[in-house]
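Here's the structure we're looking at; comments come further down.
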Amino acid sequence: MHQRTLGRDRPLTVSALGLGCMGMSEFYGPGDDEQSIATTRRALELGVTFLDTSDMYGSGHNEELVGRAIAGRRGDVVLATKFGIVRDGDTRAIDSSGPYAKRAVEASLRRLGTDHIDLYYMHRRNPDVPIEETVGAMAELVHEGKIGHVGLSEVSAQTLRAACAVHPVTALQSEWSLFTRGIETEIVPTARELGVGIVPYSPIGRGFLTGRYASVDGLAEDDFRRSQPRFQGDNLDANLRLVERVREIAEQADLTPAQLALAWLLHQGDDVVPIPGTKRVRYLEENAAAADITLTPEQLAALDEAMPVGAAAGDRYPAASMASVER
């Protein structure tokens with residue numbers, strides 16, 4: 001697997017593709033811990049060594065699962081996790097305060113079974129907490145050796161700029177795919193000006209860019225995509241027409257739609273490291289192959305024409321969740 005560098009002022013070398021581990025614990029139907037561990041270990045064999053989790057995925061279960069999967073292999077892994085979304089049963093709150101960051105990291109270290117986290121993200125921001133406070137606390141964690149690098153998730157260009165004035169930010173994790181291109185207008189240029197690497201999550205459009213779904217009917221009852229505006233009614237019909245065009249371009253290139261979507265993202269810049277999620281080895285292997293794909297200018301132009309900025313119908317989250325992301 002090729003390597004890429006996130007961050008300019010405090011660089012971090014990672015595999016060109018990472019592995020998003022969220023779905024191994026919840027949101028995408030039932031999980032199988034042993035299958036997920038096998039998938040994670042196969043990722044390491046393939047050179048996909050950049051693993052992404054969070055303390056809120058499965059309310060801590062996902063960190064424990066990743067910790068089990070990498071036991072005895074810690075030196076082979078670049079480990080990223082997050083704090084800031086606090087769960088209490090079915091309710092959620094955002095706590096990005098400095099004191100909470102310091103408490104949360106201790107719990108994550110314990111669940112992961114490690115003494116340091118390579119990349120620690122603020123998962124979401126409470127607008128009542130100055131970003132300077134949050135990043136200041138994270139900088140202290142760097143100095144203490146508990147984390148190696150500071151990351152932010154789903155923040156605006158303005159917040160990113162203010163954060164970088166306090167401490168180098170190595171990576172910004174935000175949703176980016178052929179479906180979701182809004183960050184290209186202001187956030188990506190700002191990140192590049194500031195020397196911040198970009199880690200796109202949901203790079204295959206929450207699985208719909210694979211072309212395997214024609215509706216939500218086949219999804220598990222607790223699959224969160226059932227409640228997402230993009231996969232409802234007329235929005236779904238419009239978006240499936242976009243997916244069909246991606247499938248056609250993929251067929252012409254002798255690629256799967258997922259590989260085409262990932263290769264497109266990788267072609268957006270050497271500072272871009274997508275983290276497609278899966279809990280199955282066969283999809284992991286399919287995704288990993290995208291790191292070796294070179295697209296032609298004509299193929300890239302065809303994708304830009306088929307899926308321009310703003311083409312997808314519907315918001316990417318329901319209103320309550322959209323309120324927690326900065327745009």
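The values are calculated or read from the model by the stated rules, or taken from the named source; none is laboratory data. The structure displayed is predicted, hence computed values, not measured ones. Virtual Cβ from ideal backbone geometry, glycine too; neighbours counted across all protein chains shown.
For region 179-207, which positions are small (Gly, Ala, Ser) and closer than 27 Å to residue 245 by Cα?
182, 202, 205, 207 - these are the residues of region 179-207 that are small (Gly, Ala, Ser) and closer than 27 Å to residue 245 by Cα.
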Residue ID - modelled with the lowest pLDDT, chosen from residues in region 37-62 that are over 24 Å from residue 3 (Cα atoms) and buried (at least 20 other Cβ atoms within 10 Å of the Cβ): 58
Condition first: aliphatic (A, V, I, L, M), in a loop (DSSP other than H, G, I, E, B) and touching a His at 6+ places or on another chain (Cβ under 9 Å). Can you find one or more residues in region 44-62 that meet it? yes
Of the residues 100, 120, only one is modelled with pLDDT of 95 or more, of a type in the set (Phe, Trp, Tyr), crowded, with 18+ Cβ neighbours inside 10 Å and outside any helix (DSSP H, G or I); which? 120
Of those in region 283-323 that are within 18 Å of the chain's Cα centre (by Cα) and among the polar types (S, T, N, Q), the residue modelled with the lowest pLDDT is 321
Kindly indicate whether any position in region 220-237 is among the acidic types (Asp, Glu), part of a helix (DSSP H, G or I) and modelled with pLDDT of 95 or more. no
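When the residues of region 191-210 are narrowed to those that are more than 18 Å from residue 284 (Cα to Cα) and touching a helix residue (DSSP H, G or I) at 6+ places or on another chain (Cβ under 7 Å), which ends up surrounded by the fewest Cβ atoms within 10 Å (Cβ to Cβ)? Lay out the reasoning, then the answer.
Within region 191-210, the first condition is being more than 18 Å from residue 284 (Cα to Cα), and the residues that meet it are 191-198.
Then drop every residue that is not touching a helix residue (DSSP H, G or I) at 6+ places or on another chain (Cβ under 7 Å), which leaves 191, 194, 196, 198.
Working: 191: 26, 194: 19, 196: 28, 198: 22.
Ranking the candidates gives 194 first.
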Cβ-Cβ distance below 6 Å, separation of 6 or more or different chains: which pairs start in region 6-24 with a residue that is of a type in the set (Phe, Trp, Tyr) and end on one that is surrounded by 23 or more Cβ atoms within 10 Å (Cβ to Cβ)? none
Can you pull out the residues in region 143-165 that are farther than 18 Å from residue 198 by Cα and in contact with a His (Cβ under 7 Å, 6 or more places away or on another chain)? 145, 146, 147
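Considering each of 145, 136 in turn, give the residue that is part of a helix (DSSP H, G or I), surrounded by fewer than 17 Cβ atoms within 10 Å (Cβ to Cβ) and either at pLDDT 95 or above or in contact with an Asp or Glu (Cβ under 9 Å, 6 or more places away or on another chain) (or both). Full working, then the answer.
On the way: 145 fails: part of a helix (DSSP H, G or I).
So the residue among 145, 136 that is part of a helix (DSSP H, G or I), surrounded by fewer than 17 Cβ atoms within 10 Å (Cβ to Cβ) and either at pLDDT 95 or above or in contact with an Asp or Glu (Cβ under 9 Å, 6 or more places away or on another chain) (or both) is 136.
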Looking at region 274-282, is at least one residue more than 23 Å from residue 173 (Cα to Cα) and of a type in the set (S, T, N, Q)? no
Scan (1) small (Gly, Ala, Ser); (2) in a strand (DSSP E or B); (3) free of Cβ contacts under 8 Å to residues at least 60 places away in the same chain for the single condition residue 80 breaks and write down its number. (3)
Condition set part of a helix (DSSP H, G or I) and within 28 Å of residue 157 (Cβ to Cβ), scope region 193-219, selection modelled with the lowest pLDDT: answer is 208
